[in-house]
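The values are calculated or read from the model by the stated rules, or taken from the named source; none is laboratory data. What you see is a predicted model; the values in this text were computed from it and never measured. Here the Cβ is made from the backbone with ideal geometry for all residues, glycine too, and neighbour counts use every protein chain on show.
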Amino acid sequence: MVGPPDPPRRTAACLLDRESHRDAGRKTRTAGLSERLAAWRTVAESQHTVWWSKPDVGTAVSTTSALGTLPALGLMLNEDSEWLTRARVRRLEPQPGVRIYEIASPADWVELVTAHPLEVTASRGDAWTLCTAQKTTKWLLPDWRSVARDYDGIHLTTWGYLSTAGRALAGVDGLTVLAGWEPDRTFWLTHVLTFTNQDTLWAIDDLDRRWTQPTD
């Protein structure tokens, strides 16, 4: 479903390399989005095995909202967070009138897949069949380049994550799975973001596993 933009709460959690922090720029890059989404489609249709449904790392900028003293929920709500001990958080401002599609239920995900279908059996079939115990001749995902013509960002709500993630859902012409996408995360598919220069560094405390700002 189409949801209203919420610019004041949108922040970008830019994950850093443990030692050199070299990944920060790559995670906030918006130039060449259309080309990267086209390249994603080519890879998604090719023969290999991956699990996730979201755009690949480095393809589209993703953000999460702030909560309390935590600058970005992505610091905590991350499916592959065991390696993450440091992060840079950079605030951003979406342009006025951005078009956001909200995934708040299984029906919302299926609707998006139905409107912008892309067969990904070659790259997702083995993993999704194994994980869902469902068999089909066709697995589908949204074609993110096509989605970008209608929406600037795709936001997965917390309830959308809890009710949809990991399930084999029937669409018009096959099955689909929402996988590897954390709750409250928005993927931005067009050039609608303005990044500030107000970066803050955060590190996780080894004792109580809380995120704090390092003093050194």
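At a glance:
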| read-out | value |
| --- | --- |
| From the options PRO71, PRO106, residue that is over 17 Å from LEU178 (Cα atoms), in contact with a strand residue (DSSP E or B) (Cβ under 9 Å, 6 or more places away or on another chain) and touching a residue at least 40 places away in the same chain (Cβ under 8 Å) | PRO71 |
| All strands (runs of 3 or more DSSP E) inside segment 29-140 with 1 or more residues being surrounded by 14 or more Cβ atoms within 10 Å (Cβ to Cβ), modelled with pLDDT of 90 or more and not polar (S, T, N, Q) | 100-103, 117-119 |
| Some residue of segment 156-163 being of a type in the set (Gly, Ala, Ser), in contact (Cβ under 8 Å) with a residue 12 or more places away in the chain, exposed (fewer than 15 other Cβ atoms within 10 Å of the Cβ) and touching a strand residue (DSSP E or B) at 6+ places or on another chain (Cβ under 9 Å) | no |
| Of residues in segment 109-164 being hydrophobic (A, V, I, L, M, F, W, C) and within 18 Å of ARG36 (Cα to Cα), the one nearest to the chain's Cα centre (by Cα) | ILE154 |
| Complete set of residues in segment 141-150 that are in contact with a strand residue (DSSP E or B) (Cβ under 6 Å, 6 or more places away or on another chain) and either in a helix (DSSP H, G or I) or of a type in the set (S, T, N, Q) (or both) | none |
| Whichever residue in segment 169-189 is surrounded by fewer than 21 Cβ atoms within 10 Å (Cβ to Cβ) and either of a type in the set (Ser, Thr, Tyr) or over 18 Å from GLU79 (Cβ atoms) (or both) and, among such residues, is modelled with the lowest pLDDT | VAL172 |
